[in-house]
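Take a look at the structure below.
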Amino acid sequence: MSIYDINVTLEDGTIYSLERYKGKPMLIVNTASKCGFTPQFEELEGLYEKYQEQGLVVLGFPSNQFKQELATAEEAASQCRLTYGVTFPMHEIVKVNGKEAHPIFDYLTSHSKGFLGNSVKWNFTKFLVNRNGEVVGRYASADKPSSFEEDIQKVLAQ
């Protein structure tokens, strides 16, 4: 199975395959609109604006697994769009850990090592996927997106 075999659902309920992004680097983030790390939306949007013409796709997946998300995907997406000007795709609220974890997070966590195990520890864990669909970077909640911009540049250059 590859990452491109996974279907995801946008905030408006539209289902699509990640095959849509085949050949493009992806930065996939589990988000929350009521978290201390929520201001990272601003840097994530900045990276998206700066590198989208080179192919970078940023994908936000709200999760309430840590009890810091609004009631619906539409509310969560609206909050980040209004407050932080987010234009990258936002998706339905998903679980990131456990038996009910969304397949995208099962895939990401099984293909990258985390601190103290592979599970997602908190909101705003970030995964960098190269043009071949391989997870090449995993960044903790406290890692500001600007701190791994060089890694993004390397993936874009490949």
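Values in this text are rule-based calculations from the coordinates and carry no lab data. Since the model is a prediction, treat every value here as computed from it, not as a measurement. When we count neighbours, we look across all protein chains shown, and the Cβ atoms used for this are built from the backbone with ideal geometry, even at glycine.
Full-extension gain between Ser17 and Lys113, please, as 0.36 nm times their residue separation minus the C-alpha to C-alpha distance. Numbers along the way, then the final one.
On the way: separation 96, 0.36 × 96 = 34.56 nm, distance 2.47 nm.
Taking 0.36 nm per residue and subtracting the Cα distance, the gain is 32.1 nm.
How high is the FRET efficiency from Lys50 to Arg131, r the C-beta distance, R0 25 Å, rounded to 0.05? Write down the numbers at each step before the final one.
On the way: r = 18 Å, r/R0 = 0.70.
Calculated transfer efficiency: 0.90.
Sort the following peptides by mean Cβ neighbour count (other Cβ atoms within 10 Å, averaged over residues), highest first: 15-25, 39-49.
On the way: 15-25: 15.4, 39-49: 18.4.
Peptide ranking by packing, descending: 39-49, 15-25.
Arranged from highest to lowest average of other beta-carbon atoms within 10 Å per residue, in what order do the peptides 52-60, 143-151 appear?
Values: 52-60: 17.7, 143-151: 15.1.
Taking the mean over residues of other Cβ atoms within 10 Å, the ranking is 52-60, 143-151.
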